[in-house]
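Only the coordinates and a few stated rules stand behind these numbers; no lab work does. Keep in mind the model is a prediction, meaning the values are calculated, not measured. Cβ placement follows ideal geometry from the backbone for every residue including glycine, while neighbour counts extend to all protein chains displayed.
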Amino acid sequence: MDAEQLFQEFLRLDHQIEEFYHELAVRLGLSDSAFQVLWSVAELGEGCTQRDICRQFFLSKQTAHSSVRKLEQEGVLTLRPGSGREVAIFLTEKGKALVGEKVVPAMEAERAAARGLQAAEWETALRLMRKWFGLFREAAEAIPGQG
């Protein structure tokens with residue numbers, strides 16, 4: 001395969017990975033954003049903020065806010081005042097059960113798969129992804145913007 005074909009294969013695989021996470025969320029009975037919010041709380045710890053969640057999964061503020069509010073209405077999360085205007089996010093008992101039943105097993109499966117690669121393989125993959133992303137960002141700067 002030439003470089004262009006390999007790049008197209010890379011893009012297909014990237015989209016397959018994104019689609020797999022979506023399918024996993026659906027199979028677990030969660031929306032993508034609810035899955036990401038709950039995953040973030042499990043990974044970052046209770047008391048994290050919507051800003052933390054946005055940074056974790058590159059979610060828009062609106063998406064994170066809507067999902068957090070919906071999960072709060074469903075009795076999965078509770079919100080408490082944090083520092084400044086921040087709101088700290090905590091799991092309710094229902095939320096802890098949901099995360100333990102659905103999110104933690106998905107996290108463990110992801111980590112088990114990651115252990116299938118050696119550190120040197122991860123270093124190579126990360127080095128190449130960072131290089132490609134840097135080149136992409138440089139090239140994209142030449143695209144004329146609106147306004």
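In order along region 10-24, phi translates into HN-Hα couplings of 4, 5, 4, 5, 4, 5, 5, 5, 4, 5, 5, 4, 4, 4, 5 Hz, rounded to whole numbers, per the Karplus curve 6.51 cos²θ - 1.76 cosθ + 1.60 with θ = phi - 60° and x for Gly and Pro.
Across region 53-58, computed HN-Hα scalar couplings (Karplus, 6.51 cos²θ - 1.76 cosθ + 1.60, θ = phi - 60°) run 5, 4, 5, 5, 10, 6 Hz from first to last residue, x flagging Gly and Pro. From the Kirkwood radius over Cα pairs of region 42-99, Stokes-Einstein at 25 °C and 0.890 mPa s returns a whole-number translational diffusion coefficient of 215 µm²/s. Once the convex hull of all Cα atoms in region 15-66 is built, its volume per residue stands at 77 Å³. In the elastic network of the chain, a GNM with C-alpha springs shorter than 10 Å, the most mobile of 134, 45, 84 is 134. The phi-based Karplus calculation (6.51 cos²θ - 1.76 cosθ + 1.60; θ = phi - 60°) puts the 3J(HN,Hα) values of region 70-83 at 5, 5, 5, 4, 7, x, 8, 10, 10, 10, 10, x, x, 7 Hz, whole numbers, x for Gly and Pro. Of all alpha-carbon pairs in region 74-147, indicate the percentage at a distance above 20 angstrom. Summing the P(r) tail past 20 Å for region 74-147 gives 65 percent.
Residues whose amide H lies under 5 Å from that of residue 87, counting only those 5 or more places away or on a different chain, are 50, 82; hydrogens are built 1.01 Å from N in the peptide plane.
Could you give the dipole magnitude of region 76-147 about its Cα centre, charging the beta-carbon of Lys and Arg +1 and that of Asp and Glu -1, in debye to the nearest 20?
On the way: 11 positive and 9 negative charges, 30 e Å.
Here region 76-147 has a charge dipole of around 140 debye.
Sorting the segments 60-66, 117-123, 49-55 by their mean number of nearby beta carbons within 10 angstrom, highest to lowest, gives 49-55, 60-66, 117-123. Only Lys, Arg, Asp and Glu carry charge here, each on its Cβ (+1 for the first two, -1 for the last two); on that basis the chain has a dipole of about 580 debye about its Cα centre.
Between 135, 77, 11, the GNM of the chain built on Cα springs shorter than 10 angstrom shows 135 fluctuating the most.
Under Stokes-Einstein, with the Kirkwood radius over Cα pairs as Rh, the value for region 1-137 at 37 °C and 0.692 mPa s is 195 µm²/s.
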